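Just so it is clear, none of the values below were taken in a lab; they were calculated from the coordinates. Computed from a predicted structure; not experimentally measured. Quick reminder, even Gly has a Cβ in these numbers, built from the backbone with ideal geometry, and neighbours come from all protein chains shown.
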């Protein structure tokens, strides 16, 4: 009588054991990441800017588009931390709201790049006859310098936040798809995938549970960098006037305003650029930390 | 080696095909068309129809594609009605400014980046290593167009040492040319230095740990011969890859930097054309820039073959 009951019991406890082990591993991973100095610094920077972006309405001392003709082009002071522009708009408030736009666009570009890059990269690997077609198309896209392609696409589609996201995703996705394809190729050849196939696992199960679960770590690292590059690229699009349209502030179009008043008001261009640099530095530090810990083969630390 | 070069050149053909197709498709995606710009706001329907016929917009898409490709093979990229001149002339005239800017930046970025990276690797785990890596990371986090504006404020507006923008042709005044190119080239090189330095360091660290370096040191070879002749030569392939990618970044970076410094290059031409909605120029400018990028990558591939015989003979 014991055999089946015991088997059931074993199966249950094995499952609980596996769940516990997974939780323990995740805990250890979080601990290792938090002990990694550059990851921690980057994480703190990013959390700070994320909070600024989320609570922009509460933090900003003025309305970002409020003209104020009594205080035009005033240098930084206690009343206007980062000074004012030619319409008397408060630069600090504009930078705070611009951070929301930049981080938002960067985040969506990273997310969509991740989704479509994974989809195409896996598809190219899994469906053999698609491989050449998909890869040659991606090669062609990659032949354009990324930012230039994004500028052309954004200008063709028209200036808006959504079009910026589309343009940047098309420009950055091919490289991610390549990374995914390379990682999936490696995993596809391993014995446990063969074993899963032999055991009769379905395509969906093989792709998600066996292949992607083991191929995603380089992709996650890559996406952090995509996020970083997108924040800069979005600023370039708005600087050139093909990003989200003014008067809504974005870090790039504030810098463009500052370019016009470069002779008399340095503060307009300087502060939004510092915000971009800090956000991107934070993301790069996080990327380096993740690479060291979840994808050590790529690591440059010795 | 010849076979290797030929194969690499042939491999560019499908890529160039996709590039030209993309340039065509992007402009086809554009909502609204050039007739509104050319005819002005008060153009009559007949006038618009006449312009559409003249520009070829009344033809179906496949006919336009055939025209695009047959002109391409004749070295004809179309005609800009706004500038009233062939696209090829307008783009090629501006190309030299862009190329000289990108080349200058590439030289600066590679020299400084490789030196910084080698230094960091040789002095591994010292303050020099950490300092240069922090500098590299900060460098690659700074948006280059903004850094250019900061340099203009610093050296152009406040100190007044260098011009705030504008371009002097090298044929007119060599010193003036150098002065007008200094800040743009430094700006463009700055972010890429960090990327190159980081890759050089990690590639050098891999090589410096290998047995043949220990042997070279053990037989009493001088330190800098070991580092530069033995180690660097073997560390060069990953560095080359990054330099190749960098060149693409520099080409698209030049687009933006030209706008910041008011330099008359292809980039500023494209940006100006975007604002004027002068699509033939955008299309042609994109195609030329992407083709330059493709050929740079072929040259990088050939350099691989030169530095690493395994690449040449392999496969």
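Table for the structure above
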item	result
Helix axis angle, A:266-294 relative to chain A longest principal axis, alpha carbon, degrees	10
Global size of chain A as Cα Rg and Dmax, reported in angstrom	23.9, 91
The protein assembly as shown: C-alpha gyration tensor shape, a/c 1.5 cut-off, then a/b vs b/c	rounded
P(r) of the stretch B:91-308 over all Cα-Cα pairs, binned every 10 Å from zero, in whole percent	8, 29, 31, 21, 9, 2, 0
Neighbour-count ranking [beta-carbon atoms within 10 angstrom, fewest first] of B:204, B:133	B:133, B:204
Max mean-square fluctuation residue, GNM over chain B, Cα-Cα springs under 10 Å, options B:296, B:237, B:174	B:174
Chain lengthening between residue B:5 and residue B:21 when straightened (0.36 nm per residue, less Cα-Cα)	3.2 nm
Sorted largest first, extent of the stretch B:223-315 alpha carbons per principal axis (Å)	56, 34, 14
Efficiency of FRET from Cβ geometry, residue B:92 and residue B:46, R₀ 45 Å, rounded to 0.05	0.80
Peptide A:132-145 - average C-beta neighbours from other chains (10 Å radius)	6
Stretch gain in nm, segment residue B:13-residue B:62, where the contour uses 0.36 nm per residue and the Cα spacing is subtracted	15.5 nm
Cα gyration tensor shape of the stretch A:1-145, rounded if a/c is under 1.5, else prolate or oblate by comparing a/b with b/c	oblate
Förster radius 30 Å - calculated FRET efficiency between residue B:168 and residue B:295 (Cβ-Cβ, nearest 0.05)	0.60
Residue mean of other protein chain beta carbons inside 10 Å, B:251-257	5
On Cα atoms only, tilt of A:146-157 relative to the major axis of chain A in degrees	70
Order of A:267, B:177, B:161, B:146 - criterion: other Cβ atoms within 10 Å of each residue's Cβ, fewest first	B:161, B:177, A:267, B:146
On Cα atoms only, tilt of A:213-240 relative to the major axis of chain A in degrees	10
Residues B:224, B:74, sorted so that the one with the fewest Cβ neighbours within 10 Å comes first	B:74, B:224
Separation between Cα centres of the stretch A:239-271 and the stretch B:250-315, rounded to whole Å	26
Label-point separation, residue A:209 to residue B:76 (7 Å along Cα→Cβ), nm	6.2
Contact order relative to length of chain B, as percent, for alpha carbon pairs under 8 angstrom and 6 or more apart	27
For B:3-16, mean number of other protein chain Cβ atoms within 10 Å	1
Pairs of Cα atoms farther than 14 Å apart, the stretch A:167-206, %	59
Coordinate range along principal axes, alpha carbons of the stretch A:25-102, Å, largest first	59, 20, 18
